[in-house]
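A.B. asks: If you scroll down you'll find the structure; I have some questions about it.
Please treat every number below as a calculation from the coordinates, not as lab data. As the structure is a prediction and not an experimental result, all values here were calculated from the model. Cβ: placed from backbone, ideal geometry, glycine included. Neighbour counts: every protein chain shown.
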Amino acid sequence: ALCKADAASKRGGKAPASSKAAAAAAAESVDKVTNGVGDLLISDRNCTGVLCSHPMSRDVRIESLSVTFHGHDLIVDSMLELNLRRQLGMLKG
């Protein structure tokens, strides 16, 4: 009868690690993930849209534009078009 390590080596796989080594490796990977979560910059802003302008164009056209801030929808399913040599302004209503 073959042991697990011999069977794994015949299939071209790695031999199973000892349970202590596997537990230590798992704990280390969990620590890496936990430490990485603190480095994430989580924002209360969300903006989605589809860029529909031609890559060589100087104009920008975004369809299905939605902007959310702190869970409140500011802009929903709109189109934004910015054309070259046009003055732009924003009105607050």
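A.B. asks: Hey, can you grab everything whose amide H is under 5 Å from the amide H of S53? Only 5+ residues off in sequence or another chain; H modelled, so Pro and N-termini drop out.
C.D. replies: R61
A.B. asks: OK, next. Pop a pseudo-label 7 angstrom from the Cα along the beta-carbon direction at both A22 and C52 and give the gap in nm to one decimal.
C.D. replies: For A22 paired with C52, the spin-label model returns 5.3 nm.
A.B. asks: Residue separation times 0.36 nm, minus the C-alpha to C-alpha distance between V60 and R86: what's the value? Numbers along the way, then the final one.
C.D. replies: Details: separation 26, 0.36 × 26 = 9.36 nm, distance 1.19 nm.
Going from the current span to full extension adds 8.2 nm.
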